[in-house]
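What follows is a set of notes on a single structure, which appears directly below.
The values are calculated or read from the model by the stated rules, or taken from the named source; none is laboratory data. Bear in mind that the values here come from a model prediction, so they are computed numbers and not experimental data. For neighbour counting, all protein chains shown are included, and Cβ atoms are generated from backbone atoms with ideal geometry for every residue, glycine included. All accessible areas refer to the heavy atoms of the entire protein, side chains included, with ligands and DNA or RNA removed. Shrake-Rupley method; radii C 1.70, N 1.55, O 1.52, S 1.80 Å.
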Amino acid sequence: MNEYDSAVETFIEEAHELLIDMENALLALEDTPDDKEVINRLFRAMHTIKGSSGFFGFNEIVAFTHEGETVLDHVRNDEREIDDALISVLLDCKDHTSVLLEHYIETPKEPISSELQTAGNEILTKLTGKSSSGELEVTESATQLEGISEGNDLAGSWLISLGFKTEAFKMGVDPLSFIRYLSKMGDIQAILLLTDDVPEEGSFDPENCYMHFKIAFQTEADKQTIEDVFEFASDDCDINILPPNSKVEEYVSLLENLTEDHEQLLGEMLLEVGVITENDINKAIEKQSGEDDGEKPLGQILVEQQVVQHGVVDKALEKQQKVKKKVATESSYIRVDSNKLGHLINLVGELVISGAAMNLMVERHGLPDVEDVAETMSSLVSDIRDTALDLRMVPIGETFSRFRRVVRDVSKELGKDIQLTITGGETELDKTVVEKINDPLTHLVRNSLDHGIETSEQRLAIGKDAKGNIQLNAYHESGHIVIQIIDDGAGLDVDKILAKAISNGLIEEDHNLTEQEVYNLIFAAGLSTKAQASDLSGRGVGMDVVKRNIEGLRGSVNITSAPGKGTTITIQLPLTLAIIDGFMVEASDERYIIPLSMVEECVEMNSSEWEVDEVQHYVNLRGEAMPYLRLGDYFSEHGKSQKHQRESLVVVRFGQNRAGFVVDQLHGEHQTVIKPLGKVFERLAGLTGATVLGDGNVALILDVQGLINKAISH
Amino acid sequence: MTIDVNEQEDGSTIIAIKDEMVIYNVLEQKNLLYPHIKPEHELQIDLSDVSEIDSAGIQLLIFLKNEATRQQTELSFINHSQAVVEVVEIFNLSSFFNDPVVLSADWDNS
């Protein structure tokens, strides 16, 4: 691969990410159309794609994205309003860019087809056609600060402006008393009574207050204390307190020393150093939200209200930027080739195996001083293993948020009103698992949208909220990740499923299936309850394929449903496919590994105490009947093995189900590197893989889920 | 009767305010005082018996002074009581009224 190709590859990857980012930003804008940060993100994404495309000579993309960029620039400068229609067009715009990109990747030599051109032009007309009608808002010229006349040598004074409301006198507020009180707290250096507002005869009401004051005041007290003087009058007086110029430096240095570990709002920062009070902020925010003519930055309002100097705000903003930058660099990522990561994981796997071999040697030769070193090594190796695996962990949120678009588009297409809620997006799982879960998830979500959730009219008719809800949820549970797709739709129709299953010969007429078992029938091949397949389900992935895919990842899928209330599909997946903490047991001279996370407890298999039922294969574990399986018998080629004098019962759990495995010997915890079984053994029931032990022997890794089901049905 | 009106021989008028000037009576005082502001008619207001004055009272004085200026007539305040002087000082209004203030010997020095 030459340098150009690899550069193109990087660009494509980056462009894909940017496009996904754009989509997320657009969907976020649907909820919060005023979020400047999101609009900026959108603009930057568009801009970067345009710039990089130009570099590679993808001129169509440049021409197309240029228009989008222009529109976004208008939005950014408040010259154009962002509304649902614009968001829709921008989404189309994003899709079209993606298509163009695809074109340049797949067939770089060929010119853009005419259909593609037309489609692009259509979007552009929609995009720009409206922009001409977008009105240019004249930005209100910044109000000039009123000069304070006594500028001479008042550097060390607080400047207090008191604007009394006309009802002040009637409310019993007398400015005189405040000024008298102030003079007790400090030194009033100058006072300016503004009488310009005292009206002429005719409109003068002597009981109204028309007086405004500007006071230069010197005191040791802080801003809050000064403000408290006027607390009693706060309803009848606009009070602005500007810190002394000499204090600006002090505030600036305080701002300088603010911690840099997290981003703060401007107001929070100013409040923290005491340059403004809570009251100032509330007033400024009130003003900010009360104005229609585009929002002014908080800092500007604060300066205009004369509660803080320009310099302090500038400093705070500068500091804020610095922190933002710092936080941004701290959370930056390094792009790593996933092959390298894979290689690292493999090496760590080998390291774990040879570590086990070393421990074995140390034990065999009984070298106590080496044992200490080996012990430290082992713990380090297990740390390295965890860290290495952690490198491949990604939050599932990104996968989830892709469904926002799916839900949006599909619900529009179907004429339903559906809202997607995402919870537990921060739950992490292995990247390889994430990639493989995407398709099954898509299918399940589409199913819920298509078959599960009713139309608004149907919903209203049965007294539900017109807006349908679908929720994607994820959380960790005993070494697994649980992913749920919850909808509040119609639920599954048991009778329909049964009828279909019987007519397809899946089950007999006189079945004894529980409701749960009936639900799970929908995962059986060749069962579709929808009489007419819509174009959504025509994706070539049936529910049986979904189930197979998930089981291929050593996971399981389960469905619960309440008629009229909704359906919940629960997927359980292992966190990683590479290395696990295992629990090693021995039965019939063969070693087996049980994933440690599934082991609940180990007890002695004592027939008198546990009331073992040898025929039905049940034990009474502290009053609870639990099926068990003799691993030796199950895997041994001779069928029944001789009874051993001493056996142990390992209680395992998968989801809601529990079972016991009877083994001869317990070997304890073992770091297990999962090696896939060869093609020949792939379909072997009860096993998911193998691992190499320190002594070179092989131990088989048990498919606990499968074995529990075996034990239950035994 | 809160004011004494004295027509002088030279055509000017001296009005003595015989009451405190506070929010409770400023309206009444304004109605009594305002008609005396007439063009080309000098007016003096004697404040010696004003035992108390608040912001509303001061505002009334400001209003009267403004009106006089507007109608181009002379208005001056004379014989400020201690209470009035104190408030005028606090509000830094001496230059606004521009009246000769005579300090009386029997004022407290508090």
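The condition of being buried (at least 18 other Cβ atoms within 10 Å of the Cβ) and hydroxyl-bearing (Ser, Thr, Tyr) holds for B:Ser55.
Here A:Ile276 fulfils each of the conditions (1) open to solvent by less than 20 Å² (accessible area, probe 1.4 Å); (2) in contact (Cβ under 8 Å) with a residue 60 or more places away in the chain; (3) away from chain B (no Cβ under 14 Å); (4) not small (Gly, Ala, Ser) apart from (2). A:Leu254: within 14 Å of chain B (Cβ to nearest Cβ) and hydrophobic (A, V, I, L, M, F, W, C), yes or no? Against the criterion (within 14 Å of chain B (Cβ to nearest Cβ) and hydrophobic (A, V, I, L, M, F, W, C)), A:Leu254 does not qualify.
Scanning the stretch B:69-83 for residues that are assigned to a helix (DSSP H, G or I) and within 14 Å of chain A (Cβ to nearest Cβ) returns B:Thr69, B:Arg70, B:Ala83.
Within the stretch A:657-714, being open to solvent by less than 40 Å² (accessible area, probe 1.4 Å), among the β-branched types (Val, Ile, Thr), out of contact with any helix residue (DSSP H, G or I) (no Cβ under 7 Å at 6 or more places or on another chain) and assigned to a strand (DSSP E or B) holds for A:Thr672, A:Thr691, A:Ile701.
A search for C-beta distances below 9 Å between a residue of the stretch A:363-390 that is under 30 Å from A:Glu426 (Cα atoms) and any residue that is among the hydroxyl-bearing types (Ser, Thr, Tyr) and open to solvent by less than 90 Å² (accessible area, probe 1.4 Å), counting only pairs 6+ apart in sequence or on different chains, returns A:Leu389/A:Thr576.
Could you please let me know if A:Leu513 is at pLDDT below 80 and touching a Lys or Arg at 6+ places or on another chain (Cβ under 7 Å)?
no
In the stretch A:279-295, of all residues being at pLDDT below 70 and of a type in the set (D, E, K, R), the one that is least open to solvent (accessible area, probe 1.4 Å) corresponds to A:Glu291.
Here is a yes/no grid of residues against (1) in a helix (DSSP H, G or I); (2) within 14 Å of chain A (Cβ to nearest Cβ); (3) not aliphatic (A, V, I, L, M):
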site	(1), (2), (3)
B:Gly11	no, no, yes
B:Ile14	no, no, no
B:Gln29	yes, yes, yes
B:Glu40	no, no, yes
B:Ser51	no, no, yes
B:Ala56	yes, yes, no
B:Ile62	yes, yes, no
B:Glu67	yes, yes, yes
B:Phe96	yes, yes, yes
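Inspect all residues belonging to the stretch A:218-225 and state whether any of them is within 14 Å of chain B (Cβ to nearest Cβ) and either among the aliphatic types (A, V, I, L, M) or part of a helix (DSSP H, G or I) (or both). Taking every residue of the stretch A:218-225 in turn, none turns out to be within 14 Å of chain B (Cβ to nearest Cβ) and either among the aliphatic types (A, V, I, L, M) or part of a helix (DSSP H, G or I) (or both). The residue of the stretch A:189-208 that is least open to solvent (accessible area, probe 1.4 Å), among those that are more than 8 Å from chain B (Cβ to nearest Cβ) and part of a strand (DSSP E or B), is A:Leu194.
Of the residues A:Met185, A:Met269, A:Met211, which is open to solvent by less than 70 Å² (accessible area, probe 1.4 Å) and within 11 Å of another protein chain (Cβ to nearest Cβ)? Before you say what the answer is, go through the steps one by one.
Values: A:Met185 fails: within 11 Å of another protein chain (Cβ to nearest Cβ); A:Met269 fails: within 11 Å of another protein chain (Cβ to nearest Cβ).
Just a single option satisfies the conditions, and that option is A:Met211.
Summed over the stretch A:243-259, the residues that are at pLDDT below 70 and in a helix (DSSP H, G or I) give a count of 1.
Residues in the stretch A:588-627 that are of a type outside the set (D, E, K, R) and assigned to a strand (DSSP E or B): 14 in all.
The criterion of being more than 25 Å from the chain's Cα centre (by Cα) and touching a residue at least 60 places away in the same chain (Cβ under 8 Å) holds for A:Glu60. Only one of the numbered conditions (1) away from chain B (no Cβ under 11 Å); (2) in contact (Cβ under 8 Å) with a residue 40 or more places away in the chain; (3) assigned to a loop (DSSP other than H, G, I, E, B) is not met by A:Asn240, and that is (3).
Of the residues making up the stretch A:481-503, not a single one is open to solvent by less than 60 Å² (accessible area, probe 1.4 Å), out of contact with any Leu (no Cβ under 9 Å at 6 or more places or on another chain) and closer than 30 Å to A:Pro595 by Cα.
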